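Before any comments, here is the structure.
The values are calculated or read from the model by the stated rules, or taken from the named source; none is laboratory data. Just so you know, these numbers come straight off a predicted model, no measurement behind them. Positions of Cβ are backbone-derived with ideal geometry, glycine not excepted, and every protein chain shown enters the neighbour counts.
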Ligand SMILES: [Zn+2]
């Protein structure tokens with residue numbers, strides 16, 4: 001059982017985005033960092049915007065995770081999600097990894113209980129075998 | 001006015017209809033109708049058009065329009081990079097640059113769309129930048145993506161649902177006087193607004209722009225050439241397009257704008273340049289046409305362009321300031337994308353010209369300066385200041 005249906009679309013990642021999903025497949029949440037200056041970014045990009053280096057390393061997520069903003073979707077626009085409404089979509093930030101903007105869903109939380117700034121913990125969900133998604137639940 | 005000051009000398013538009021109404025012809029036919037009607041408005045033979053511009057992945061390409069309407073010598077064609085409707089004013093910016101530099105003489109900025117044929121923007125599309133990071137989480141379409149920014153603005157500044165509603169109501173009220181408006185004859189009150197279905201909280205049905213078929217176009221030439229044409233020229237006092245650092249897809253999927261700029265549309269530097277070039281300040285603006293894809297982001301654009309202080313668009317809009325005829329700064333006097341038609345904001349440029357000609361159906365008395373803005377959220381975005389000859 002996962003937060004959204006197994007049929008939820010999963011478009012082909014860009015070449016420089018693929019490694020993020022490969023790490024998720026191993027249940028490892030890693031973000032792209034610049035191997036030269038250390039600045040971390042997500043979504044992944046081909047070049048470091050701080051020092052223009054192409055060399056990258058993949059760094060394990062660390063520190064608190066915080067709900068930055070969210071929406072509750074009542075009109076899904078995709079037929080496979082009609083039964084799932086109303087569901088939330090959230091943007092979470094990692095205060096110790098400042099360039100990270102991760103879109104996800106908040107599970108084990110009623111939509112009415114979502115609060116901007118709430119602290120979150122990572123949960124892995126595998127809606128279809130081999131497709132592992134990072135979701136979050138309120139930290140207890 | 002300098003001889004090479006760019007001026008809008010012709011405006012044209014087709015009928016505007018709901019997306020599900022049948023369209024005679026195609027996107028190309030609609031675009032051709034609008035281009036020809038802009039030329040007719042200016043009193044310029046269509047064959048003398050020598051430049052064509054558009055924005056946001058327009059499907060009607062210049063060689064097809066050239067061949068269709070019989071342009072013998074095309075000298076420039078260009079499009080502002082796709083960024084949804086961000087480049088609406090940018091397409092006019094390109095036309096202005098072309099005529100001022102002498103690269104071309106008569107350039108038409110145009111936009112045509114038959115949404116029933118090319119697909120609705122509100123529907124699921126698999127081709128979305130950073131899609132693998134948004135789609136698996138059920139985040140697909142602009143209202144959902146941008147709702148995140150509006151929710152955050154509410155959190156930071158206390159903006160309320162009723163304040164968003166006040167923007168929607170003002171547009172709808174203005175549309176009642178506009179014979180071309182798709183929503184003419186369908187009034188909207190706050191109770192109906194608040195009880196409408198939620199699309200992506202906090203955006204409700206009437207916070208979202210229409211989806212329509214139609215086209216419009218504006219013809220740009222220099223002040224020097226404008227004197228020989230039929231219509232009163234409307235000078236383009238300044239025009240800009242661009243985007244902010246790190247913006248990428250911005251609130252349309254990457255969210256990698258800085259957290260400090262999260263509740264902006266990334267247009268602060270463009271606004272600064274725009275007012276600087278025109279030699280005016282935001283308080284000089286008499287009327288504004290603000291690209292309204294969604295109420296909340298249009299209101300944030302008003303903040304970026306200095307029409308009210310940062311964070312105060314909610315109270316500003318709710319005070320009635322944007323309502324014609326008594327508000328201090330009427331906004332979207334044609335009804336906007338919310339209530340006139342969704343021609344990706346080029347209809348806002350057309351309305352700006354009408355205001356400067358004194359021909360709007362919600363004419364602002366003695367209006368001398370009109371601000372027009374491009375789509376808020378996407379990158380690039382854009383803006384124009386129109387003046388009076
Ligand atoms: Zn670097």
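Yes or no, residue by residue, for (1) assigned to a loop (DSSP other than H, G, I, E, B); (2) within 14 Å of another protein chain (Cβ to nearest Cβ):
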position	(1), (2)
B:225	no, no
B:237	no, no
B:246	yes, yes
B:251	no, yes
B:260	no, yes
B:263	yes, yes
B:270	no, no
B:273	no, no
Strands (runs of 3 or more DSSP E) lying entirely in segment A:45-140 (those with 1 or more residues that are at pLDDT 95 or above, at the interface with chain B (Cβ under 10 Å from one of its Cβ atoms) and surrounded by 15 or more Cβ atoms within 10 Å (Cβ to Cβ))
A:65-73, A:87-94, A:97-104, A:119-128, A:131-138
For segment B:275-382, please list each of the helices (runs of 4 or more DSSP H) lying entirely inside it that holds at least 2 residues being more than 12 Å from the chain's Cα centre (by Cα), closer than 22 Å to residue B:183 by Cβ and at pLDDT 95 or above.
B:295-304, B:313-318, B:346-357
Test: residue in segment A:16-38 that is assigned to a loop (DSSP other than H, G, I, E, B) and within 12 Å of chain B (Cβ to nearest Cβ)
no
Taking segment A:46-56, which residues are in contact (Cβ under 8 Å) with a residue 12 or more places away in the chain and either over 13 Å from residue A:17 (Cα atoms) or within 11 Å of the ligand (Cβ to nearest atom) (or both)?
A:48, A:50, A:51, A:53, A:55, A:56
